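Worksheet: the structure to be examined is printed underneath.
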Amino acid sequence: MPELPEVETVRGGLAPVLEGHRLARVEARRPDLRFPLPDNFVQVLTGATVTRLSRRAKYLLASLDREDTLVMHLGMSGRFEIARPEAAGAEGAMRPGQFAYAAAPDPKHAHIVFETEAGAKVTYYDPRRFGYMALLNAATLSLHPWFAGLGPEPLSDAFDAAHLKAAFAGRKQGAKTLLLDQRIVAGLGNIYVCEALNRARISPFKPAGRISKPRLQTLVAEIRAVLTEAIAAGGSTLRDYAQADGGLGYFQHRFRTYDREGESCLNAGCKGVIGRRVQAGRSTFYCPVCQK
Ligand SMILES: [Zn+2]
């Protein structure tokens, strides 16, 4: 499932072909993804110019020269493929910013196609169709149920130790459970929370209200660091197509805890072994020795 860094990577990959570009042709090959597409989906988008492509939590927001904003969520398996006219040049020659698939995506999962006036073709594939798209009024977007209760972006200035201290005050649940609560911080998922807690050496099970402010400061710094590193890795995957593992939005990381049960903890000076425990229905990977 794409997490915040993957969505940000997709945003970075799509922005050059969509931002400032007019959608000359829009095709919806089926009436629904996870939810029905709005009846006027194609009509509103055809001829619209994408003024800005941004991200909020795990949503991609294409602002338009229209009243509505195109909101896109990749779900579990959504991905975009970009084809540009110049890609038809030298056989197999890829240029920076182009994207290669290890295996060509199955055309029967190509659900939405956007073609810009400049000739770029952006195709949305989603085999499982947990992704969704909607047109939401731009002026009231932040009041929509998908966005109304969201906490701050983890890479924004609003996300700091004081914010976590207030959000965690008196809470007995583990820090990990609360960091996955989108009302406390937006867009964090299981993998990056496990990574950040390991790097900050904080137990995922420690009652959140009992974590000191200096340790929360460390935690905030590590959350920012793991996300920033992953976004940078995603960006480099986009630049170096040879490392792409299957297209825009999905890339392999080496994680320090995630999926490393039974392997050595990588924190300096720690001889612990990564354990796994199911917490609130999700696998938590952690080091029982250095994470207190
Ligand atoms: Zn350790």
Practice prompt. Output the Cα-based Rg and Dmax of the chain in Å, rounding Rg to one decimal and Dmax to a whole number.
Written response: 20.5, 62
Worksheet item: Which links in Lys58/Lys213; Lys58/Lys292; Lys165/Lys206; Lys58/Lys108; Lys172/Lys271; Lys165/Lys292 stretch past 19 Å when you go from one Cα to the other?
Response: Lys58/Lys213; Lys58/Lys292; Lys58/Lys108; Lys172/Lys271
Discussion item. Can you work out the Karplus-derived ³J(HN,Hα) for every residue in segment 219-234? Use 6.51 cos²θ - 1.76 cosθ + 1.60 with θ = phi - 60°, whole Hz, and x for glycine or proline.
Written reply: 4, 4, 4, 6, 4, 4, 5, 5, 5, 5, 5, 5, 5, 5, 5, x
Worksheet, complete the sentence: With -39,500 (n - 2.57) per DSSP H segment of 4 or more residues and division by the full residue count of the chain, the 222 nm estimate, nearest 500 deg cm²/dmol, is -7500 deg cm²/dmol
Worksheet entry | Accessible area of the chain belonging to carbon and sulfur atoms, whole % at 1.4 Å probe | 51 percent
Worksheet item: To the nearest 10 square angstrom, what accessible area does Glu67 show with a 1.4 Å probe?
Response: 140 Å²
Worksheet item: In degrees, nearest 10, range 0 to 90: what is the angle between the Cα axis of helix 190-200 and the longest Cα principal axis of the chain?
Response: 40 degrees
Practice prompt. Note down the accessible area of Arg25, probe 1.4 Å, to the nearest 10 Å².
Written response: 90 Å²
Fill in: Ranking by accessible area, most exposed first, for Ser54, Ser212 with a 1.4 Å probe
Ser212, Ser54
Item to complete: Describe numerically, in nm with one decimal, the distance between label points set 7 Å from Cα along Cα→Cβ at Arg34 and at Lys121.
Response: 2.8 nm
Item to complete: Might you tell me the accessible area per residue for the chain, computed with a 1.4 Å probe and given in Å²?
Response: 46 Å²
Discussion item. To test your reading of the geometry: what angle, between 0 and 90 degrees and rounded to tens, separates the Cα axis of helix 4-18 from the longest principal axis of the chain?
Written reply: 20 degrees
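With an 8 Å cut-off on Cα pairs and a minimum separation of 6 or more residues, tell me the relative contact order of segment 102-228 in percent.
Contact order relative to length: 22 percent.
Please list Arg260, Arg201, Arg128 in order of solvent-accessible area, largest first, computed with a 1.4 Å probe with all protein chains present.
Highest to lowest solvent-accessible surface, that is Arg128, Arg201, Arg260.
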Worksheet, complete the sentence: Taking segment 39-83, the equivalent ellipsoid from its C-alpha gyration tensor has semi-axes in Å, biggest first, of 19, 13, 11
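The values are calculated or read from the model by the stated rules, or taken from the named source; none is laboratory data. Values in this document were obtained by computation on a predicted structure and should not be read as measured data. No Cβ is skipped: glycine too gets one built from the backbone with ideal geometry, and neighbour counts run over all protein chains shown. In case anyone asks, the SASA skips ligands and DNA or RNA and just uses the protein heavy atoms, side chains included. Shrake-Rupley method; radii C 1.70, N 1.55, O 1.52, S 1.80 Å.
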